[in-house]
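Here is the structure we will look at, set down as structure tokens.
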Amino acid sequence: MTARIWAVLPAAGRGTRFGGEVPKQYLEAAGKPLIAHALDALLSHRRIEGAMVALAADDARWPGWTSLHGKPVLRCVGGGERADSVLAALHALPDDIDEDALILVHDAARPNLRAVDLDRLIETATAHADGAILGAPVRDTLKRADAEAHIVSTEPRSALWRAFTPQAFRRGALTAALERAGADGVVVTDEAMAMERMGAHPALVEGREDNLKVTTPADLALAEYLL
């Protein structure tokens, strides 16, 4: 039996690193908000059935989308941290989405996701019990610095990857992993970190380098150029 697949987008953040009054997921690139590009990329994929978006309780900018590409777009109230929003979205998914369903967690401010990467991620995550994430091997030379920004050493990069999204895991396993991290007082920076704490070893799927997350104004300009 083929696993069902849903997407989750944590979008309750304020984007404080970017600056400005508009949360970065609502900044426009190529004529529409970043979150619209992200949802379009996900829901245009034939295997993804719908999306759950976790929003801030006082979000007045959400356009009120209820469907895209003929698929449901649902929303819930997120939390103060990324993990809180993802967990809230997992709990808010429809009851018929069982624990073995594959959940793709994607950054709302990562607008340039390509179908070929989604194909490869879904194929790998479906075959791998511990799930999978998109990423790319580190290619730059890495330097360790001291408090004054002086080089202390050069770090080996041969086994290091940059983590992208989507990150794909079974609903039940990811829910349990995020609940455990919260109970332990650990702030996880991505879903794979929560899974790793449970002893899982998610697969790494090399994705396109242009699947960038908008964090700075320069990122936004680059994302618009790529789009």
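Summary table
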item: Accessible area (Å², per residue) of segment 1-89, counting only protein heavy atoms and a probe of 1.4 Å; result: 48
item: Value of Rg/Rh across the chain [Cα atoms, Kirkwood radius]; result: 0.96
item: Scattering curve values for segment 183-227, log₁₀ I(q)/I(0), Debye with Cα scatterers, q = 0.21, 0.25, 0.29 Å⁻¹; result: -0.81, -0.88, -1.00
item: Square roots of 5 times each gyration tensor eigenvalue, C-alpha, segment 150-227, largest first, Å; result: 27, 19, 14
item: Sorted largest first, extent of segment 1-104 alpha carbons per principal axis (Å); result: 47, 29, 21
item: Amide H contacts of Val77 (H built 1.01 Å from N, under 5 Å, at least 5 apart or other chain); result: Leu55
item: Calculated SAXS-style log₁₀ I(q)/I(0) at q = 0.10, 0.13, 0.14, 0.18 Å⁻¹ - segment 54-156, Debye, Cα scatterers; result: -0.48, -0.74, -0.81, -1.09
item: Solvent-accessible surface (1.4 angstrom probe) belonging to Ser67, in square angstrom, nearest 10; result: 70
item: For the chain, size of Cβ-based charge dipole, Lys and Arg +1, Asp and Glu -1, in debye; result: 360
item: Beta bridges per DSSP with both ends in segment 36-155, % antiparallel, nearest 5; result: 55
item: Most positive-pole-ward Cα, Ala132, Ala109, Ala83, against dipole of segment 73-133 from beta carbon charges; result: Ala109
item: Percent of beta bridges antiparallel (DSSP, the chain, rounded to nearest 5); result: 50
item: Cβ-derived FRET efficiency at R0 30 Å, Thr126 paired with Tyr225, nearest 0.05; result: 0.35
item: Net lengthening on full extension, Thr141/Glu99 (0.36 nm per residue, minus Cα-Cα); result: 11.0 nm
item: Karplus-derived 3J(HN,Hα), 6.51/-1.76/1.60, for each residue of segment 28-33, Hz, glycine and proline x; result: 8, 9, 6, x, 8, x
item: Burial ranking of peptide ranges 166-177, 210-221 (average Cβ count within 10 Å, highest at the top); result: 166-177, 210-221
item: Segment 110-180: radius of gyration over Cα atoms, expressed as a fraction of 2.2 N^0.38 Å; result: 1.49
item: Packing-based order for 53-64, 102-113, 192-203, using average beta carbon neighbours within 10 Å, highest first; result: 102-113, 192-203, 53-64
item: Sum of -39500 (n - 2.57) over DSSP H runs of 4+, divided by residues of the chain (222 nm, nearest 500); result: -8500 deg cm²/dmol
item: Within the accessible area of the chain (1.4 Å probe), percent carbon and sulfur; result: 50
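The values are calculated or read from the model by the stated rules, or taken from the named source; none is laboratory data. None of the values given here were measured: they were computed from a predicted structure. Note that each Cβ is placed from the backbone with ideal geometry, even for glycine, and that neighbours are counted across all protein chains shown. Heads up: the accessible areas ignore ligands, DNA and RNA and are worked out on the full protein's heavy atoms, side chains in. Shrake-Rupley method; radii C 1.70, N 1.55, O 1.52, S 1.80 Å.
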